[in-house]
Amino acid sequence: MEMHLSVERKKNLVCLLKGLKLSIRDLTLLDRALTHSSYIKENNKKNIEDNERLEFFGDAVLKLIISEYLMGTYPEYSEGELSKLRAFVISEKVLGKVADRIDLKRYILAGKNEKKLIPVSILADSLEALIAVIYYDCGIDSARKFIYEHFKEFIELAGKNTEIDNYKAILQEYTQKHNLGLPSYETISERGPGHNKEFEVVVLLNNNKLAKGKGKSKKEASQCAAKNALEVVNKSKK
């Protein structure tokens, strides 16, 4: 199965695995995960496959494991909030950063033009293909361990709302800057069946009501209330 791999290529792939502390037996499959279509076209390698099918499967594995982690870590988040967090964690930008950190570009086979400056899209696709190989060769537990190890920082970053709207933090920063005290939040109503609840939250400043907000979770409603409070504050400044 590995006859088409050169001795040098095998050494490089083994070097990658050592760095990642992985034990992948099928080096042919790993080689395919790191082979971009531009390399096959440029070198007329009709007898080998590119990584597109593995990338497709790795994307699904990544989504599953990140979704599983987010569901367990943020039980109070609504479907919409979880989707926002997952979208950030599995974004091309984050995948590119992870691929850079493990120096994946050194092992990617690509055409001359692409190899000069491997674009983030190829890095991201190659990382997803690598995740597929880990799943196939080592099992889901190994895939989960790899993803947790290399994506944990970005999961935590997303959880802190660094890359999504965080109106509560903005409001608190404003009130502290102007010595107005700290805003507080109070749930004033909870309606609907368990699977489709709607919460209403009021934001208070020195026991004075600033604004209200609604959402499918208390957190979402609090963010909405903070957003509306910021609008009130901004209007008062004019």
Item to check | Ratio Rg/Rh, restricted to the range 7-159 and using Cα atoms, in which Rh is the Kirkwood radius | outcome: 0.99
Item to check | Between 0 and 90°, nearest 10: helix 218-237 axis offset from the chain longest Cα axis | outcome: 60
Checklist entry - So how tilted is helix 120-138 from the main axis of the chain? Cα-based, degrees 0 to 90, rounded to 10. => result 70
Item to check | C-alpha long axis of helix 52-73 to longest principal axis of the chain, angle in ° | outcome: 30
Checklist outcome for this item: With a 21 Å threshold on alpha-carbon distance, the violating pairs from LYS197/LYS219; LYS84/LYS209; LYS84/LYS219; LYS93/LYS227 are LYS84/LYS209; LYS93/LYS227
Checklist outcome for this item: Descending packing, highest mean Cβ count within 10 Å first, for 47-55, 71-79 is 47-55, 71-79
Checklist entry - Over the range 7-159, what is the relative contact order in whole percent, taking alpha-carbon pairs under 8 Å and six or more residues apart? => result 34
Checklist outcome for this item: Taking 172-183, 129-140 and ranking on average Cβ neighbours within 10 Å, highest first, one gets 129-140, 172-183
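Readers should treat all values here as calculations from the given coordinates under stated rules, not as data from a laboratory. Owing to the predicted nature of the structure, the values given are computational and were not obtained by experimental measurement. Please note: Cβ atoms are built from the backbone with ideal geometry, for glycine as well, and neighbour counts cover all protein chains shown.
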